[in-house]
Amino acid sequence: QVQLVESGGGLVQPGGSLRLSCAASGFDFSISVMSWYRQAPGKERELVASISSDGGSTSYADSVKGRFTISRDNAKRTVYLQMISLKSEDTAVYYCKDRFRGNWGQGTQVTVSS
């Protein structure tokens, strides 16, 4: 049974930081490109960041470059998204995705507000 479970979301003030985690099971995590997506109310789901299977290559949307960092720990079968200098426009539900098989997690809410 394939499972992707996001955690770490919550309410944070503008300029604050948050670290999201996605725990994977039921497939060979170590050979899969993993990505983070987000979807704000009334907007399309957008790709935020991706990381190669060995963690050696990363990519980011222009809107988050310099503020977000994606990483992974294959031994723990977990991918992370470290977010700093958060803005109100970062408010969204954040999802992780296994790019190899196309599986989605259920999402975790991030709200940036004073």
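No value in this document is a laboratory result; all are computed from the given coordinates. Note that the structure is predicted; figures quoted are calculated from it, not measured.
Numbers for the structure displayed
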{"quantity": "Relative contact order of the chain, pairs being alpha-carbon contacts under 8 Å that are 6 or more residues apart, as %", "calculated": "37"}
{"quantity": "DSSP beta bridge pairing in the chain, given as percent antiparallel to the nearest 5", "calculated": "90"}
{"quantity": "Calculated log₁₀ intensity ratio I(q)/I(0) where the Debye formula runs over C-alpha points of the chain, q = 0.18 Å⁻¹", "calculated": "-0.83"}
{"quantity": "Radius of gyration and maximum dimension Dmax of the stretch 65-114, Cα, Å", "calculated": "12.6, 38"}
{"quantity": "Residue of 55, 42, 66 that the Gaussian network model of the chain assigns the largest fluctuation, springs spanning Cα pairs under 10 Å", "calculated": "42"}
{"quantity": "C-alpha center-to-center spacing [the stretch 87-106, the stretch 23-71] in angstrom", "calculated": "7"}
